[in-house]
Amino acid sequence: MVPRRLTAPDPGWTIDTDIIVIGSGVAGLVTALRARTAGRVLLVTKALLDDGSTRWAQGGIAAALHPDDSPEEHLRDTLTAGVDLCDDEAVRVLVTEGPDAVRELIELGAEFDRSEDGQVALTREGGHLKRRIAHAGGDATGAEVSRALLARLKDSGIEVIEHALVLDLLMEQGRVAGVTLHVMGEGRRDGVGAVRARAVILATGGLGQVFQATTNPEVSTGDGVALALRAGAAVADLEFVQFHPTVMWLGPDAKGRQPLISEAVRGEGAYLIDERGDRFMAGRHPLADLAPRDVVAKAITTMMRETGASCAYLDGRNLGPRTWANRFPTILAACEEHGIDPVNEPIPVLPAAHYASGGVRTDLWGRTSVPGLYACGEVACTGVHGANRLASNSLLEGLVFGRRIAEALSADLAAQAPRTAEEAPRAAGEASRAAGEPALLDPGVRAEVQQIMTSCAGVLRNGPGLERAARELAALADRTTDEPCTEAWEATNLHTVASLIVAAARRREETRGSHWREDFPDADRTWRGHLVSTLAADGTITTTYEPRELS
C-alpha cells in the first residue's frame, strides 16, 4: 500500500505564481530560464541551487557537432544502447535538436574544452561509435554547465526558494494547481507552505539513494516520481536502473554517494582488468571496454562472481601523468584523496546505482498524464533511453526537453481557462483519505529499504530475490510515525519508489539492457514493450504491460 499523499501540517503560508519548476539541475534551469516568456516562474530546489546531480557529471554532453558525425549516427547508437525499447521519435527529437541546444548553451556562457583548431574538443564514451562527447574542465562538465546556467539565473528575475522539499501537488477541477512544500530554513517562508500555480514542472532528478551505494547525491530520493504517482500520473520503465560500471570501490562497508570514474577514462584508452591483471572485456562485446554500460556492469559482476573478487580494476597507467592532470583533474584528485595513484596503479572499481532510465511518463513536449504537470530530466521517461541510457545523453535530454516544455507552456497556458474561486486547491489524494490508509513511514525505514534493494534488486536479479524484496518492503509499510519531518517524508518516498521498481522487475521475465534476470538470461521479443505503473484509489500499485509493435 502506498499513501495517496504525505502526512504534513496544514500550510502556514501561501504564495501565487504562474509556473513552478522543481529542481535546479540542467533540466530545471533550462526550463525555468526559457519559461519566463510564458509567465512568472518560481524555482524550488531541495538543497542549494548546485547540490543536484548535474554538477557531478564528469563525462560531458553527447551531440553530433563534428562534420564527420551526424544525428542519424547518434540515433543509431542511442537505439542500440536502448535495446529495442527507445521511442524512435523521441530519440530523433533528441539527436536532431541536440546540436543547436548545445550551441545555445555555449551562447549562454558555458565554456567547453577546445582542440588546437579552436573547435569544441570531442571525446568518446561507451556505446558511441564516434567521438561526439563535448566536455569542460577535463572531467568537470556538469560543474561548468551548472555554473553557466546559474549565472544566467542570477540576472533573470526568477524567484528561487532553496532548502524546500516539495510534498504533494495541489489539484483544482482535475488539473494541477500548485504544490505543498516544506522549507527547511528560517524566516517568513519556513515550514510547510503552499504555492498556487498554473503549471508545475518536475525536474527533481534521480532515485539512486534507494540503493546503499550510488553515484547520486544525498538529495536523490525519488521525490518527483513518488509525488507524481500520488497525483495519478503514469510511471514507466522503472525496472531499468542503470548501474555505472566504474565507481571507485572504497571497501565492503561503503555506503551513500561514491566517487564516479567517468567512462571517458576508458574513452581515452584505459581498460578493465581482474586481480591477476588480465583484461576480461575482450570477446564479450565488439566494443570491448567501450561497450554500453549494462554490458560492462554485467561483465564486471560476472567476473567477480566467478573469481570471488571484491572488485575489478580500471588500468589507466598507459594514459600518463599529463593526461590524468589535464583531462581528468577531478578524478585524479578523488583518487588521491582515497590513497590511490591512478598514474602508477589501477583503480579498484565496481558497479553502483547511477541513473534511472524510466520515470514519470511524458509526451514529446514533457506533458505527463496529469493536466498541468510536466516532467524533464532524469525524473522523466521521455522514451529516449529505453532499457539502457547511452553515455552522456542525460545532460542533452535536459537541454532539449527543457526547451520543449518551455515552448509548450506558452501554448498550453494561453489555452487554459482562467482560475476560478469556486473550489480551493487541495492536496492530490486528499478526497480519498480514509481510516486505515497508509501513514508516513518511520525514518529508520530508509536504511532497510536500501539494504533490501541492494541485496535483491541490484545489478543481478532473480525471481526468488524479487519476491523476497516485495515481501520485506510490504512489511516495512507497518513501520509508521505520527511525526512529520524531512527524514520521514524522504523515507516514505524511497519506499514508494522501491516498491515500484520491484513490482516492474518481477513482471519483466527477461534480461534486457540494465534489467538483468539470471533466471531469464535472454531478451524475449514478447517483452519488447513497457511496464506502466499507476496508483489505484485504494493505494495499491497497478502495473500494466504495453507492447510495442513488433517489426
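The figures follow:
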{"read-out": "Environment charge of Glu268, counting only residues whose C-beta is closer than 13 Å and scoring Lys/Arg +1, Asp/Glu -1", "value": "0"}
{"read-out": "Accessible area expressed per residue, the stretch 228-268, with surrounding protein chains retained (probe 1.4 Å, Å²)", "value": "23"}
{"read-out": "C-alpha long axis of helix 394-415 to longest principal axis of the chain, angle in °", "value": "20"}
{"read-out": "Separation in nanometres of the label points that stand 7 Å from Cα toward Cβ, at Glu407 and Ala309", "value": "4.7"}
{"read-out": "Eligible lysines near Lys130 by straight Cα distance, threshold 25 Å, same-chain separation 8 or greater", "value": "Lys298"}
{"read-out": "Förster radius 41 Å - calculated FRET efficiency between Glu487 and Ser156, Cβ distance, rounded to 0.05", "value": "0.80"}
{"read-out": "Placed amide H near Leu167: partners under 5 Å, 5+ positions off or other chain", "value": "Thr180, Leu181, His182"}
{"read-out": "Mean separation of Cα contacts under 8 Å (6+ apart) over length of the chain, as relative contact order %", "value": "22"}
{"read-out": "FRET E, pair Arg40, Met184, Förster distance 35 Å, beta-carbon r, rounded to 0.05", "value": "0.90"}
{"read-out": "Computed label-point distance, nm, for sites Arg175 and Lys130 using a 7 Å Cα→Cβ extension", "value": "4.1"}
{"read-out": "The stretch 141-217: GluC sites (Glu not before Pro) in DSSP loop, at most 15 other beta carbons within 10 Å", "value": "Glu186"}
{"read-out": "Residues with amide H under 5 Å from that of Tyr313, placed H, sequence gap 5 or more", "value": "Ile273, Val349"}
{"read-out": "Nonlocal amide H pairs with His530, under 5 Å, H built at 1.01 Å", "value": "Glu546, Arg548"}
{"read-out": "Linear extension gain, Arg114 paired with Asp478, 0.36 nm per residue minus alpha-carbon span", "value": "125.4 nm"}
{"read-out": "In sequence order, calculated HN-Hα J values of the stretch 3-19 (Karplus, 6.51, -1.76, 1.60; Hz; x Gly/Pro)", "value": "x, 7, 7, 7, 5, 7, x, 5, x, x, 7, 9, 9, 10, 8, 9, 10"}
{"read-out": "Rounded to 10°, Cα long-axis angle of helix 26-35 versus longest principal axis of the chain", "value": "50"}
{"read-out": "Net charge of neighbours whose Cβ lies under 14 Å from the Cβ of Ala353, counting Lys and Arg as +1 and Asp and Glu as -1", "value": "+1"}
{"read-out": "Length gained when the stretch Gln451-Glu549 is fully extended (0.36 nm per residue, less Cα-Cα span)", "value": "31.5 nm"}
{"read-out": "Distance (nanometres) between label positions extended 7 Å along Cα→Cβ at His66 and Glu336", "value": "3.0"}
{"read-out": "Computed [θ] at 222 nm, deg cm²/dmol, the chain (DSSP H ≥ 4; -39,500 (n - 2.57); rounded to nearest 500)", "value": "-10000 deg cm²/dmol"}
{"read-out": "Relative contact order, percent, the stretch 316-378 [alpha-carbon distance under 8 Å, six or more residues apart]", "value": "24"}
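The values are calculated or read from the model by the stated rules, or taken from the named source; none is laboratory data. Please read all numbers here as calculations on a predicted model, not as lab measurements. Cβ: placed from backbone, ideal geometry, glycine included. Neighbour counts: every protein chain shown. Accessible surface is based on the protein model in full, side chains and every heavy atom, while ligands, DNA and RNA are left aside. Shrake-Rupley method; radii C 1.70, N 1.55, O 1.52, S 1.80 Å.
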